[in-house]
Structures are given as structure tokens and as C-alpha cells.
Amino acid sequence: MRIHVRAAALVSVGILTITTAPALAANQPSTVQPAPCRTSNLALNWTSGGTAKPGGTHNEEQVNAFVAVKNTGPGACTLRGYPKVTLKMGTETQGVQTETFFPQTSKKPKTVKLDSGATARFTVTFLSGKESDDNIIDPGVAAITPPGNTKAKELRWLWGQVQKQEAATHPGNYVSPVHR
């Protein structure tokens, strides 16, 4: 009779182990990252804290402006990398001039998780323009493409003239990766 009691106890333990194992696994934290953020689920706005002044400084100094990136989607998403920032001046009929900022490679990108309603930001650093300089752009908008996306959103450019730097050996116009 003793053998039967032990066998029954082992079977009971086995059943207990089998039935509780999935419950224990379900309680483990998930390491799966949310999907990348889509441009359509992001709101972009200039935010306080930069050294750029509305209308510009017109003295060729390097200044910066901050862009807030808010997740307006229904769930969490992630961003990693550098936004593409292109300044645009002109019209389709007159011709459009552009200035595209380079990534600030001294700052390494990290994955930023944005819950619904959460905000991250990035920095746009540029050389302000000088009225007498021929190598300037006086943009009306900044077209900003979030990392991992192909569609841009446009923000009205508030910061005045900018020195063109696309052909410079050491460009002074660049953009940081998205960060908290």
C-alpha cells in the first residue's frame, strides 16, 4: 500500500507542476519591445530650453532649439536614431532651396520607449545666418522625419536665417538622436 501512496503523491506533484508552470511563465516580465513609432502617431513641437531666439540672432553664432516628440497613438512605441531635419525656403513656382542637417555622431542613439501620451525630444543645432552672407537660407519650414520613418511633418521655422553647411568639411548644422 505504501508504494501506491508514493505513486499517487508523485502523480499529484507532477500534475501540480504541469498546471502551475504556464501560470508562472505568464507572470515573467516581457522583454519584447513595442513596435516602432509611426509619423502619423507623433506630434512634433518646438519646446523651451534652447539658445535659439525667435527671428534669429544674425551674428553667425551656433545655437540650438529643442523639438518635443509626443506619442499620440493608442499604445506604446519606440524610437531609435536621428530624425532627418531639412529646412525649406521658397515655393514650388520659384524653386525650393533646402538645407539638411547632419546626425550628431558624437551622441550615440538609444532606444526610447514612448508610452501613449509620453514625450521625448531631440536637439537641432545650427549656425545662425548673417544678413550680408550669400551662403544662407531663410527657411519657412523645417521638414522633420522621425527615425525609422519615411514621412515628414513640417514645423514653421521660428529661428531666422541659417548658414548653409551641407558642403562644409566640419558642418555646424546637426541633429541629436531622440532621447528622454
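The values are calculated or read from the model by the stated rules, or taken from the named source; none is laboratory data. Because the structure is a prediction, the values reported are computed rather than measured. No Cβ is skipped: glycine too gets one built from the backbone with ideal geometry, and neighbour counts run over all protein chains shown. Note: accessible area is taken over every heavy atom of the protein model, side chains too, but ligands, DNA and RNA are not part of it. Shrake-Rupley method; radii C 1.70, N 1.55, O 1.52, S 1.80 Å.
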Q) Among residues other than PRO147 whose Cβ falls under 12 Å from its Cβ, what is the net charge (Lys/Arg +1, Asp/Glu -1)? A) +4
Q) Order of 81-90, 59-68 by packing, highest average Cβ count within 10 Å first? A) 81-90, 59-68
Q: With N set to the residue count of the stretch 81-135, report its C-alpha Rg divided by 2.2 N^0.38 Å to two decimal places.
A: 1.58
Q) Tell me, what are the semi-axes, in whole angstrom and largest first, of the equivalent ellipsoid of the stretch 34-180 as set by the roots of 5 times the Cα gyration tensor eigenvalues? A) 27, 16, 14
Q) When the Karplus curve 6.51 cos²θ - 1.76 cosθ + 1.60 is applied with θ = phi - 60°, which whole-Hz ³J(HN,Hα) does each residue of the stretch 163-177 get, with x for Gly and Pro? A) 6, 6, 10, 4, 9, 6, 5, 10, x, x, 10, 8, 10, 7, x
Q. Which value, in Å², gives the accessible area per residue of the stretch 73-180 when a 1.4 Å probe is used on the protein heavy atoms?
A. 52
Q) Around SER176, with a cut-off of 11 angstrom between Cβ atoms, what is the net charge of the other residues, counting Lys and Arg +1 and Asp and Glu -1? A) +3
Q) Within the set LYS88/LYS110; LYS88/LYS108; LYS70/LYS164; LYS53/LYS130, which residue pairs have Cα atoms separated by over 20 Å? A) LYS88/LYS110; LYS88/LYS108; LYS70/LYS164
Q. Which GluC sites (Glu not before Pro) from the stretch 121-180 combine a DSSP loop assignment with at most 14 other Cβ atoms within 10 Å?
A. GLU131, GLU166
